[in-house]
């Protein structure tokens, strides 16, 4: 039945009738939008610089972006908890700005859920540890018991007293 192209076209036609295309006012032309943004930045250099400083250059802005990303993911997975940018900064400071798994000192630390959200973990700061990108990708959604720590037999336990 689904091998017949006429049947498939009929199904697609019915689906389009049920879910019509969004109205043109919600569509935007990306090249036109980018050209408008560039033109605005040229006309308003002071405002553009203020926005850039506020959102892109300060370390607090990066921490805020991490907290927002995890907050959204928590909502999607319907997990409990949340943490602020300030808590994330303090958490990294507790670990000495080092990866919790391998101990490597790096500027690019990612927030890793010690007990993954998919395994019932929470998004409270007590369940968040700083991890380098390499370790975070290796751990993925494994439980702490399943994850073999890369270069050390025991993780830095400074910040994990409450887990």
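Report yes if residue 106 is surrounded by 14 or more Cβ atoms within 10 Å (Cβ to Cβ) and within 15 Å of the chain's Cα centre (by Cα), otherwise no.
Details: surrounded by 14 or more Cβ atoms within 10 Å (Cβ to Cβ): yes; within 15 Å of the chain's Cα centre (by Cα): no.
Considered against the rule, which asks whether it is surrounded by 14 or more Cβ atoms within 10 Å (Cβ to Cβ) and within 15 Å of the chain's Cα centre (by Cα), residue 106 comes out as no.
Scan segment 86-138 for residues that are part of a helix (DSSP H, G or I) and at pLDDT 85 or above and report the count.
We begin by selecting, within segment 86-138, every residue part of a helix (DSSP H, G or I); these are 86-94, 117-119, 125-127, 133-138.
Cutting the leftovers down to at pLDDT 85 or above gives us 86-94, 125-127, 133-138.
Number satisfying all stated conditions: 18.
The values are calculated or read from the model by the stated rules, or taken from the named source; none is laboratory data. Computed from a prediction, not measured in an experiment: that's the story for all the values here. For neighbour counting, all protein chains shown are included, and Cβ atoms are generated from backbone atoms with ideal geometry for every residue, glycine included.
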